[in-house]
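Beneath this line is the structure, given in C-alpha cells, with notes to follow.
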Amino acid sequence: MNAIKQKGALLIVDDEPDMLPLLKRTISAEMDWEIFTALSAKEALSILDHRTVDVVLLDIKMPEMDGLELLSRIKDKGEGPMVIMMTAYGVIDLAVESIRKGAYDFLTKPLDDTRLILTLQKAMEYHRLVHENQDLQRLIRKQGSFQDMVGSSEAMHRVFETIRTVADTDVTVLITGESGTGKELVARAIHQGSRRREKNFVPVNCPTLPEHILETELFGYVKGAFTDAKQDKQGLFQEAQEGTLFLDEIGDLPINLQTKLLRVLQEKEIKPLGSPKSLKVDVRVLASTNRDLKKKMAQGEFREDLYYRLNVISLHLPPLRERPEDIPLLAGHFLKKYSAEYGKKGLKPGPGFMEELGRQDWPGNVRELENAIRRAVILSRDSLITSSDLGLEGGGEKELVAPSTQDLSYREAKKMVLDVFNRQYLSSLLASHQGNVTHAARTCGLERQAFQQLLRRYGIKSEDYRPSS
C-alpha cells in the first residue's frame, strides 16, 4: 500500500482578498498543514491539477464560476479531496444542494473558529480513512481475496496479514470473535487465497441442524441406512472434496459429532452412515466460534483434543467497538451496496449521519451496522440519507416501520414493504424463541427448511438471537 501522507494539505478558495490571509492565519495557528489559497475557481483548478490536496474550503458565491460548479468539477475527477462549502448566505437549499453534489459539510459566515477547525479536522481524518481504504481495496482486488471485508484499523491490518499468511497453506484455522464480526467472510477469504479456490467452499452452520440430521449432512449415507434412505447421499465432506469445509459456530457441535469429526481430521477419511467401509477425503477444514471453547472444555462440553486439532492457527476478529475508525468505511461500503440493490444510486450521507453512526455501540458488530444502513437506504425519501433514516434510538435498534411508498411504482412499493415486513417478522419471531429455528418455524406454520431459506434470503442469522453462553 502507498504510504499515507502525514502532513495535510488544504486549499482555501474565496474571491474576497482579505478573507484568505485571515483564514490561513486562523488555521495555521491550530494545525501544521500545507495551505494553498485561490481567489477564483479557475485558479483553484490550476492548483488542483498540480498539487495533491486533501481538503478544500470553498466559498459558494464567486464570479464567473461559483462554488457549486467548482464542487462538481472537483467531484468529476473521481478520487479527490473532501470539500467543505462556506457562504454568507445561510440558505438551507444551498446547503442541501452542496451536500447532494458531494460536499463533506457546510459552514456559514461569519465562521465560528472552533467549528471551522473541528470540521476541517474531521474532513481530513475522513479523507485519510477513505483513501487508505481505497489503497487497501486495490490490494484486495489484486490478490483476489478478502471479498466484502473493509477496514483500515491496525486490528484489521493484522487480520488481513494473517489471512495472507495462512491462505495458501492447508493448516486448520480457528476463527474467533463475537457474532456479527464477519467470521464467514474471513473463511471465504482464506479459501479464495488458497490453491483450493477453484473447488467448492462449503459452509455448515452447526447449531441450525439437529444432531442426527447434521451427522448425515456431514458424512452422507448409503441406500438402506434407515427407513427413508432410498438412495446413496453424498455428505458435505464429499461435496467439499479438494476444497474447503467451513464449520460455523463449532462450539455448538454435539459431543458425539465432535468425536467423529476428530477422527476425520486425524484419519482423513469419513464413513457414511450405513456404509461398511470408509472413504478417503482431501478437505481443508476451517472453523469458527463466538463461544469460549476453553470454558466449554472445562465444563466437559468440548473435547480438548479436538480443540487443539482445530486451533493450529487462531485468528481473532475484533468487535466493532474496538475499531471505531472503520465505521465510516464500512458505512460507505454498505451504502454503495444497498443503494445499488434498491435502485437508489447516488444516495449520499447527509450532515451528521456519520457522526451518529460513531455514537452507537453496535453490540451486533458489523452485521448490525450493515442492517442499519440497509434499513436507512430503504427508508430514505431523498437523495440524502439522514440520521432519522437509521431507526436508532438510545444506542439500540428500533423496530422497522413501513416506509412511505406514495412516490413509487406499485412493483417498487410492494418490494420495499415486503422486504421491511419480512425482516421485522423473522427477526421478531427468532427473538421470541431465542434463536431456536425449529420452534420459530413451527410457530409460523412453515417447514423448517422453508424458514431457513427465508433467513438466508434476508441475511438473518439465528445465532444472533441466542442467549450468550
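Structural remarks
- Residue check, Ser314 assigned by TED's automatic domain parsing to the domain that holds Arg197, surrounded by fewer than 14 Cβ atoms within 10 Å (Cβ to Cβ) and within 22 Å of the chain's Cα centre (by Cα): yes
- Pairing residues of segment 157-169 that are free of Cβ contacts under 8 Å to residues at least 40 places away in the same chain and within 22 Å of Arg323 (Cα to Cα) with residues that are surrounded by fewer than 18 Cβ atoms within 10 Å (Cβ to Cβ) and among the aliphatic types (A, V, I, L, M), at Cβ distances under 7 Å and at least 6 apart in sequence or on separate chains, gives no pairs at all.
- Only a single criterion out of (1) more than 26 Å from Leu174 (Cα to Cα); (2) surrounded by 13 or more Cβ atoms within 10 Å (Cβ to Cβ); (3) free of Cβ contacts under 8 Å to residues at least 12 places away in the same chain is not satisfied by Lys345, namely (2).
- Any hit, segment 363-371, residues being buried (at least 16 other Cβ atoms within 10 Å of the Cβ), β-branched (Val, Ile, Thr), outside any helix (DSSP H, G or I) and modelled with pLDDT of 75 or more: no
To keep it simple, each residue is scored yes or no on (1) among the hydroxyl-bearing types (Ser, Thr, Tyr); (2) modelled with pLDDT of 95 or more; (3) closer than 25 Å to Gln238 by Cα.
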| site | (1), (2), (3) |
| --- | --- |
| Ile270 | no, no, yes |
| Asp292 | no, no, no |
| Lys295 | no, no, no |
| Val312 | no, no, yes |
| Leu320 | no, no, no |
| Ile327 | no, no, no |
| Ala331 | no, no, no |
| Lys336 | no, no, no |
| Ser339 | yes, no, no |
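- Output for segment 212-233, where each listed residue is within 34 Å of the chain's Cα centre (by Cα) and surrounded by 14 or more Cβ atoms within 10 Å (Cβ to Cβ): Leu214, Glu215, Thr216, Glu217, Leu218, Phe219
- Test: residue in segment 163-172 that is touching a Gly at 6+ places or on another chain (Cβ under 6 Å) and either at pLDDT 90 or above or in the same structural domain as Gly332 (by TED's automatic domain parsing) (or both): yes
- Residue that is farther than 22 Å from Ser427 by Cα and without any contact (Cβ under 8 Å) to a residue 12 or more places away in the chain, where the choices are Met354, Met297: Met297
- Elements of the type helices (runs of 4 or more DSSP H) sitting completely within segment 1-78 and holding at least 1 residues that are more than 24 Å from Tyr126 (Cβ to Cβ), of a type outside the set (Val, Ile, Thr) and in the same structural domain as Val96 (by TED's automatic domain parsing): these cover 19-28, 41-50.
To keep it simple, each residue is scored yes or no on (1) surrounded by fewer than 16 Cβ atoms within 10 Å (Cβ to Cβ); (2) in the same structural domain as Lys344 (by TED's automatic domain parsing); (3) at pLDDT below 70; (4) not acidic (Asp, Glu).
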| position | (1), (2), (3), (4) |
| --- | --- |
| Ser380 | no, yes, no, yes |
| Ser404 | yes, no, yes, yes |
| Asn436 | no, no, no, yes |
| His439 | yes, no, no, yes |
| Arg456 | yes, no, no, yes |
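- Test: residue in segment 326-334 that is farther than 27 Å from Asp361 by Cβ and among the charged types (D, E, K, R): no
- Residues of segment 195-214 satisfying the condition of being assigned to a loop (DSSP other than H, G, I, E, B) and at pLDDT 85 or above: Arg195, Arg196, Arg197, Glu198, Lys199, Asn200
- Being over 14 Å from Gly177 (Cβ atoms), without any contact (Cβ under 8 Å) to a residue 60 or more places away in the chain and among the basic types (Lys, Arg) is a description that applies to Arg303.
- Criterion: basic (Lys, Arg), more than 27 Å from Leu185 (Cβ to Cβ) and touching a strand residue (DSSP E or B) at 6+ places or on another chain (Cβ under 6 Å) - qualifying residue of Lys280, Lys271: Lys280
The values are calculated or read from the model by the stated rules, or taken from the named source; none is laboratory data. Treat the numbers as computed from the prediction; the structure is a model and nothing was measured. FYI the Cβ positions are ideal-geometry reconstructions off the backbone, even for glycines, and counts take in every protein chain you see.
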